[in-house]
1. What do you reckon, is Cys283 part of a loop (DSSP other than H, G, I, E, B) and either more than 28 Å from the chain's Cα centre (by Cα) or modelled with pLDDT of 90 or more (or both)?
2. Quick one: Glu256 ticks every box in (1) touching a helix residue (DSSP H, G or I) at 6+ places or on another chain (Cβ under 8 Å); (2) crowded, with 17+ Cβ neighbours inside 10 Å; (3) of a type in the set (D, E, K, R) except a single one, so which number is it?
3. Restricted to the stretch 195-221, and to residues that are touching a strand residue (DSSP E or B) at 6+ places or on another chain (Cβ under 8 Å) and surrounded by fewer than 19 Cβ atoms within 10 Å (Cβ to Cβ), which residue is nearest to Ser170 (Cα to Cα)?
4. Tally time: how many residues in the stretch 259-272 are surrounded by fewer than 17 Cβ atoms within 10 Å (Cβ to Cβ) and either among the aromatic types (Phe, Trp, Tyr) or over 32 Å from the mean Cα position of the chain (by Cα) (or both)?
5. For the structure I just gave you, tell me whether Leu114 is crowded, with 17+ Cβ neighbours inside 10 Å, closer than 19 Å to Phe306 by Cα and either within 31 Å of the chain's Cα centre (by Cα) or polar (S, T, N, Q) (or both).
6. With respect to Gln180, is the statement that it is within 21 Å of Thr109 (Cα to Cα) and of a type in the set (S, T, N, Q) true?
7. So, Gly276, is that one of a type in the set (Gly, Ala, Ser), more than 22 Å from Phe193 (Cβ to Cβ) and assigned by TED's automatic domain parsing to the domain that holds Ser254 or not?
8. Given the conditions (1) more than 24 Å from His203 (Cα to Cα); (2) not in a loop (DSSP other than H, G, I, E, B), report the number of the one that Phe262 does not fulfil.
Amino acid sequence: MKEKVEALKTEISKFIATKNDELEAFRLKFISRKSVIGDLFTDMKNVAKEDRKEMGLQLNELKTHAQDKFKELIESIEKRIHVESDTQIDLTLPPIPDTLGSLHPLSITKKRMLEIFERIGFNVSTGPEIEDDWHNFTALNFPENHPAREMQDTFFIEKNPDIALRTHTSSVQVRVMENQKPPIRTLSPGRVFRNEAISVRAHCIFHQVEGLYVDKNVSFADLKHTMLYFAREFFGKDTKIRLRPSYFPFTEPSAELDISCFICNQKGCKICKHTGWVEIGGCGMVDPNVLKNCNIDSDEFTGYAFGMGIERVTMLKYQINDIRLFTENDIRFLRQFKSVN
């Protein structure tokens, strides 16, 4: 048996495999259950008892040698295939043209909105997405029994003290007013969260751009002209606006901002629900209580604020009928948006 072991060891060492079928032949002969090495282990019962220990050690060494050789043959074949594949590349072929990725439609809209307001002196401010009660509710004049403070409307992280995912980017405006003296002219773009059922028209995660202007002698007329300027720059020079009385805790007076339907030219369509007008956001004069909460003298300074949902504006601009498309990452949808113009 010792002679067989030595002969097999020599055969294994000299074995050469250049393709997969030769590699498989090696495996069947030396590695598999019914290999020649397996047969030698079966024949151990015929070896004298005093020689079995030494013979067993030699067989184990032979088995290990076969396994190491098998790994070596695999690596050799894989390396050869890799080299051959590299040499088959035709360097004279023209390169595959690079294709630029598409911008997300929300990114396009946000960038365009910021550019429009930056032209008239607004800067950009950001803040945390996890907010405390003061910045998200109390400083903004929300009464204690306001529905927004309930679990069905807001995602709370902790209770007592209230820590929640911000429901609007107005919380950023509070932080700006606390740390900066008027004049203040700032935009607060960002992601916000509300506990709403996801549907074609609503989502629990969406984006806003909110604006704030605080200075001496700021009037509602300033707000109106700012909104008209934005509407014409973004939707077209013939766009009209309409301000409808409304209510927000942090502004007084407050208004809903509508634009003339640019799709049907106010003739009536399903987008404007045959009214000729489409709502794009809310606005109003900053409530004096909000200014006082931020240590700004409401007798000396006034201000206006406005807010628009980026998804809402984007859906109108590009006539998108399902808000869920913005978060589904469908490449067929995203490829349609390539420009910021």
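The values are calculated or read from the model by the stated rules, or taken from the named source; none is laboratory data. Because the structure is predicted, anything quoted here is derived from the model rather than measured. FYI the Cβ positions are ideal-geometry reconstructions off the backbone, even for glycines, and counts take in every protein chain you see.
1. Considered against the rule, which asks whether it is part of a loop (DSSP other than H, G, I, E, B) and either more than 28 Å from the chain's Cα centre (by Cα) or modelled with pLDDT of 90 or more (or both), Cys283 comes out as no.
2. Every condition holds for Glu256 apart from (1).
3. Residue satisfying both the conditions and the ranking: Ile205.
4. Matching residues across the stretch 259-272 total 6.
5. Working: crowded, with 17+ Cβ neighbours inside 10 Å: no; closer than 19 Å to Phe306 by Cα: yes; either within 31 Å of the chain's Cα centre (by Cα) or polar (S, T, N, Q) (or both): yes.
For Leu114, the condition - crowded, with 17+ Cβ neighbours inside 10 Å, closer than 19 Å to Phe306 by Cα and either within 31 Å of the chain's Cα centre (by Cα) or polar (S, T, N, Q) (or both) - is not met.
6. No; evaluated as a whole, the condition is false for this residue.
7. Taking the combined requirement at face value, the residue satisfies it.
8. (2)
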